[in-house]
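J.: First the structure, which I've put down as structure tokens, then a few questions once you've had a look.
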Amino acid sequence: IMMKSCLKFFRDRSIKTKYVLVFMGITLLSYAMICVFVNMRLMSYEMKNLQYSMGLSLEQAQEFVQYEISAATYASEALYKNKNVYLAMEESIKSEKTDLGEEYRKWNAMHEAINALQIGSICNIRIFTQDNYTYAEASDNFAKLSSIEELPVYQNILKHGENAVWVTPHTIELAHKKEELKVISLIRHIVWRDDYSKTLCVEQVSIPAKSINQILEKSNITREGCVFIINQKKEIIGTSNQYALEQLGWSNMEKSINGKLQKKWQTINMEEKKYMVNRLEVVHTDWSLIAVIPLKEITSQSTQVYSILVIGMLPIMIFSSVLIYVFASGFSKRIMVLAGQMESWRDGNADGEVAVLPRDEIGKLGQNYLDMLKELEALIRQQYENGKAIKNAELKVLQAQINPHFL
């Protein structure tokens, strides 16, 4: 019904209105198709460009994080294999009476070894010694074993034996510097080699959590996205933006993914929202480096460019509309003039010249109308002459009949 109403409305309009509506419709349709095509191409380009750039940033972040991990791992291995550390700790268990001078020399050798390894991003190396060790709290590099045994993470360390274990960010206190640091630590449980049931010591190599977060912050080139590191227990190691991570709701997202990230970039749906996710593994750890980008950020960027395109093409649209209106008005005016001349001839007023230029369809129609007028005038003149001839013949016949009568 609506279609019929539109067709009836269109059918009853003037030619000028029809031309304007048709041309405007075609122009708007073409404009809309161009805008849709450009928008799709922009979205595709933005997505590929963002994936490529973010992929490079993520790989670079992976390299930097692995460098930090390698430095801490090297320091832990070097300390683990240091004879001075083992001998000093072994003597603290074996000997009931210790030579304070010898004990100091061994402690000093350990301290020098620790200072030599405590370089770069490593902010603290600490050995948790037996509580009866004379230098158990002589500096920030030594602490009592009982202080770490109270932590829940210590049980996890015991399960791994002498294998190094990375623990989630936690705070350590540097009493001599009178400050607290939030760190990520590599902890190794060392046992007495003659009796595995006895704990010799625990070594801890720490790097600032801030340094990991800074690496992740620099790798995140998006506004609403987030780059973070998570371990197999789903514990967050570091993040580029804690608030953004909470807004993304990674805990729910992880359940929806369920370990299905197998290729570089994947699009996932969660709570009627779409995200692009990429995962890279960090070697020598159980960490995963993950980037999450809301798809709406890509669409918003393309929408901005699309809006600029629409605003830029608006003057062209207005100009073309004015041009169409002027053209339709001129076309309609010539038809109206010709129609007016026809009405004048019908009313008996044949004055005025019929426009035959330019030689287009309307010009040909005017020329045909002019030729028709000339033919009609010729026919009327001929009919008039024929009528006069008939009248004269009738008069002559009548005169021929009257003359003999009078004679």
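J.: Between 124, 349, 21, whose Cα lies farthest towards the positive end of the dipole of the chain when Lys and Arg beta carbons carry +1 and Asp and Glu beta carbons carry -1, centred on the Cα centre?
T.: 349
J.: Run the dipole for the range 13-130 about the Cα centre, Lys and Arg Cβ at +1, Asp and Glu Cβ at -1, nothing else charged, and hand back the magnitude in debye, nearest 20.
T.: Approximately 1380 debye in magnitude.
J.: Pairs to check: 273/296; 144/198; 144/234. Give those whose C-alpha atoms are more than 19 Å from each other in this structure.
T.: Flagged as over cut-off: 144/234.
J.: Report the label-to-label distance for residue 365 and residue 139 in nanometres (one decimal), using points 7 Å from each Cα along the Cα→Cβ vector.
T.: 10.4 nm
J.: Note the full-extension length gain between residue 309 and residue 100 as 0.36 nm times their separation in residues minus their Cα-Cα distance, in nm to one decimal.
T.: Length gained between residue 309 and residue 100: 67.1 nm.
J.: Ok, one more. Using a 1.4 Å probe on the protein chains only, how many percent of the accessible area of the range 113-203 belongs to carbon and sulfur?
T.: 47 percent
J.: Taking 19 Å as the cut-off for C-alpha to C-alpha distance, list the pairs among 81/106; 48/210; 233/264; 210/264 that go past it.
T.: Where the Cα-Cα span goes over 19 Å, the pairs concerned are 48/210; 233/264; 210/264.
J.: For Rg/Rh (Cα atoms, Kirkwood Rh), pick the label among (1) 1.16; (2) 0.97; (3) 1.59 that corresponds to the value derived from the coordinates.
T.: Label of the calculated value: (3).
J.: If the only charges are +1 at each Lys and Arg Cβ and -1 at each Asp and Glu Cβ, what is the size of the charge dipole of the range 98-164 around the Cα centre, to the nearest 20 debye?
T.: Dipole about the Cα centre, nearest 20: 200 debye.
J.: Additional query: Mind checking the dipole of the chain: about its Cα centre, +1 per Lys or Arg Cβ, -1 per Asp or Glu Cβ, Debye to the nearest 20?
T.: Dipole magnitude for the chain comes out near 2480 debye.
J.: For the range 144-240, what's the relative contact order in percent, using C-alpha pairs closer than 8 Å and at least 6 residues apart?
T.: Worked out over the range 144-240, it gives 20 percent.
J.: What accessible area per residue comes out for the chain, rounded to a whole number of Å², with a 1.4 Å probe?
T.: I get 63 Å² per residue for this part.
J.: Here's another thing I want to ask about it. Using a/c under 1.5 as the rounded threshold, could you call the range 101-244 rounded, prolate or oblate? The axes a ≥ b ≥ c are square roots of the C-alpha gyration tensor eigenvalues, and prolate needs a/b larger than b/c, oblate otherwise.
T.: prolate
J.: Applying 1/(1 + (r/R0)^6) with R0 = 22 Å to the Cβ-Cβ distance of residue 281 and residue 246, what FRET efficiency is obtained, to the nearest 0.05?
T.: 0.35
J.: Along the positive direction of the dipole of the chain (beta-carbon charges: Lys, Arg +1; Asp, Glu -1; about the Cα centre), which of 86, 293, 187 reaches farthest?
T.: Towards the positive end, the residue furthest out is 293.
J.: Figure the gain on full extension for residue 223 and residue 119 (residue separation times 0.36 nm, minus the Cα-Cα span) and round it to one decimal in nm.
T.: Contour length minus the Cα-Cα distance gives 34.0 nm.
J.: Mind checking which helices in the chain clear 27 Å along their axis (Cα) and have mean Kyte-Doolittle hydropathy of -1.0 or more, DSSP H runs only?
T.: Flagged H segments are 15-80, 295-346, 361-406.
J.: I want to verify a result. In a Gaussian network model of the chain, Cα cutoff 10 Å, which of these has the top mean-square fluctuation: 26, 362, 230?
T.: For the chain, modelled as a Gaussian network with Cα springs under 10 Å, the answer is 362.
J.: Normalised by the number of residues in the chain, what is the relative contact order in percent for Cα pairs under 8 Å and 6+ residues apart?
T.: Relative contact order comes out at 14 percent.
J.: Given H placed 1.01 Å from N in the peptide plane, which residues other than close sequence neighbours of residue 241 have an amide H under 5 Å from its amide H?
T.: Close amide H contacts, sequence-distant or interchain: 227.
J.: What nm distance separates the two modelled labels at residue 174 and residue 146, each placed 7 Å from Cα along Cα→Cβ?
T.: 2.7 nm
J.: Out of 282, 158, 307, whose Cα points farthest toward the positive end of the dipole of the chain (charges: +1 Lys, Arg; -1 Asp, Glu; placed on Cβ)?
T.: Among 282, 158, 307, the one farthest towards the positive end of the dipole of the chain is 307.
J.: Related question: Test of understanding: in a Gaussian network model of the chain with alpha carbons linked when under 10 Å, which of 71, 113, 393 would top the mean-square fluctuation ranking?
T.: Its mean-square fluctuation being the largest, the pick is 393.
J.: Can you give me the distance in nm between label points at residue 158 and residue 112, each placed 7 Å from the Cα along the Cα-to-Cβ direction?
T.: In this crude label model, residue 158 to residue 112 measures out at 3.7 nm.
J.: Which of 389, 61, 136 moves the most in a Gaussian network model of the chain with Cα springs under 10 Å?
T.: 389
The values are calculated or read from the model by the stated rules, or taken from the named source; none is laboratory data. None of these values were measured; they are calculated from a predicted model. With ideal geometry, Cβ positions are generated from the backbone for all residues, glycine too; neighbour counts draw on all protein chains shown. Only protein heavy atoms, including side chains, enter the accessible area calculation; ligands, DNA and RNA are left aside. Shrake-Rupley method; radii C 1.70, N 1.55, O 1.52, S 1.80 Å.
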